[in-house]
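The structure under discussion appears below in the form of structure tokens.
The values are calculated or read from the model by the stated rules, or taken from the named source; none is laboratory data. As the structure is a computational prediction, the values presented were derived from the model and not from experiment. All Cβ positions, even for glycine, are placed from backbone atoms using ideal geometry, and neighbour counts span all protein chains on display. To get the accessible areas, we keep the full protein, side chains included, count just its heavy atoms, and leave off ligands, DNA and RNA. Shrake-Rupley method; radii C 1.70, N 1.55, O 1.52, S 1.80 Å.
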Amino acid sequence: MKKSNDNTDGIVIEFDSGIIPPPYSHVYRLSLDWSNSDLIAELEIHYTDREDLSEEEIIDEGFTPNDDYSFKGKLDFVWKKVVSMEFEKTKWSGRHIDEGGLTLSAIEDGKVGQAKVPTDQEAWQMLAQDVIQAIYETSKKEAPLTVNYRQVTNEESVDCSITMNFSTREAVFASKNESRIINWEYAVQLLKLVFSPDYNYEIAKETAGTKRGSYIECGDGYWHELGKGVVNIDTSFDAVGKIKDGFENLMEE
């Protein structure tokens, strides 16, 4: 398999969720072709083994009766650089996928090569999910995620937000009627922290708090107070404190 800066014109990612039960079990095939001036993406997602589930059981798990999805179209060329660089440094395991996992194939001279198994399955699965999210936003299937944050002190109340535009791989920080693009990886790591604590929706509110404190809304319309409605799951890791630090650092820049 040649490296991406050689004769590789793209890659094909194939994934099988393995022994995960329905309605979660699924397979997908994601093709990224940069042989010409555009990056052409093709995606096919199929949810499997739902025959014995009722429609109600599927809906109760947060799905719909038909979650299969297909797409073919242009993606922002920024994803070519990200994917090709990752592909270039990939190490191969030499094993076969038995109970689910991800494989990669190079596209060379218009032909798809042999599928191989990357050693770092988790990194590739996360990257593939990022590209799939970019496809969802490009096709208008989903809107970009915006997380809102409010810090109230004795002196002032400051609102800010981070919007993750996967379609262009840009993170936008907005505060005080100004916005700027911030480091993508910083934003990704901060949002991982945002979704790691426990959120108590029984005391959540539809408007941001006005008393001294820090408040967050994760894109679903419900505001939570950090330290009260948002608490650490692991007492040895202060995710709540790191969330506050992350947003405060952005507000101070």
* Inter-centroid distance (Cα atoms) of the stretch 95-143 relative to the stretch 198-253, Å -> 33
* Structure fact -> In degrees rounded to 10, the 0-90 angle between helix 184-194 Cα long axis and the longest Cα principal axis of the chain is 60
* Asked: Using the beta-carbon distance between R29 and S157 and R0 = 45 Å, what value does 1/(1 + (r/R0)^6) give for FRET efficiency, to the nearest 0.05?
  -> 0.40
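Given the peptides 78-84, 233-239, arrange them by the average over their residues of other C-beta atoms within 10 Å, most packed first.
Answer by packing, highest mean first, reads 78-84, 233-239.
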* To do: Please report the Cα spread of the stretch 6-112 along all three principal axes, rounded to whole Å, starting with the longest.
  => 49, 32, 21
* Asked: In degrees, nearest 10, range 0 to 90: what is the angle between the Cα axis of helix 239-252 and the longest Cα principal axis of the chain?
  -> 80
* trypsin sites (Lys or Arg not before Pro) lying in DSSP loop within the stretch 109-159, provided at most 14 other Cβ fall within 10 Å -> K140, K141
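Restricting to Cα atoms and excluding each atom paired with itself, what does the Kirkwood estimate give for the stretch 192-236 in Å?
After inverting the mean inverse Cα-Cα distance, the result is 10.8 Å.
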* Structure fact -> The Cα extents of the stretch 73-199 along the principal axes, largest first and rounded to whole Å, are 62, 32, 26
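Report, in cubic angstrom per residue, the convex hull volume of the C-alpha atoms of the stretch 138-237.
Values: hull volume 12.8 nm³, N = 100.
Here the figure is 128 Å³ per residue.
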* Principal-axis tilt of helix 121-138 within the chain, Cα atoms, nearest 10 degrees -> 80
* How much of the accessible area of the chain, in percent, comes from carbon and sulfur atoms when a 1.4 Å probe is used? -> 45
* **FRET E, pair S196, E122, Förster distance 25 Å, beta-carbon r, rounded to 0.05** => 0.95
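First select every other residue whose beta carbon is under 10 angstrom from the beta carbon of V12; then total the charges, Lys and Arg +1, Asp and Glu -1.
-2
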* **Of the GluC sites (Glu not before Pro) in the stretch 81-173, those whose Cβ has at most 16 other Cβ within 10 Å and which sit in DSSP loop** => E99, E142, E155, E156
* Simple label model, 7 Å out from Cα along Cβ direction - D238 to E88, nm -> 4.0
* To do: Largest first and to the nearest Å, give the Cα extent of the chain along each principal axis.
  => 64, 46, 36
* Based solely on its DSSP helices, what 222 nm [θ] is calculated for the chain when runs of n ≥ 4 H residues each add -39,500 (n - 2.57) and the sum is averaged over all residues, nearest 500 deg cm²/dmol? -> -7500 deg cm²/dmol
* Asked: HN-Hα J couplings of the stretch 216-224 from phi, Karplus 6.51/-1.76/1.60, θ = phi - 60°, integer Hz, Gly and Pro as x?
  -> 9, 10, 9, x, 10, x, 10, 9, 10
* Asked: Between K111 and I59, what length in nm is gained on full extension when 0.36 nm per residue of separation is reduced by their alpha carbon distance?
  -> 14.8 nm
* GNM result for the chain, Cα springs below 10 Å: residue of Q151, Q189, Q125 fluctuating most strongly -> Q189
* Whenever you get a sec, line up M85, M164, M251 from highest to lowest accessible area (probe 1.4 Å, protein heavy atoms). => M85, M251, M164
* Structure fact -> For the stretch 128-174, the Kirkwood Rh over every pair of distinct alpha carbons, in Å, works out to 11.9
* Structure fact -> Surrounding charge for S25, neighbours by C-beta under 10 angstrom, Lys/Arg +1, Asp/Glu -1, total -1
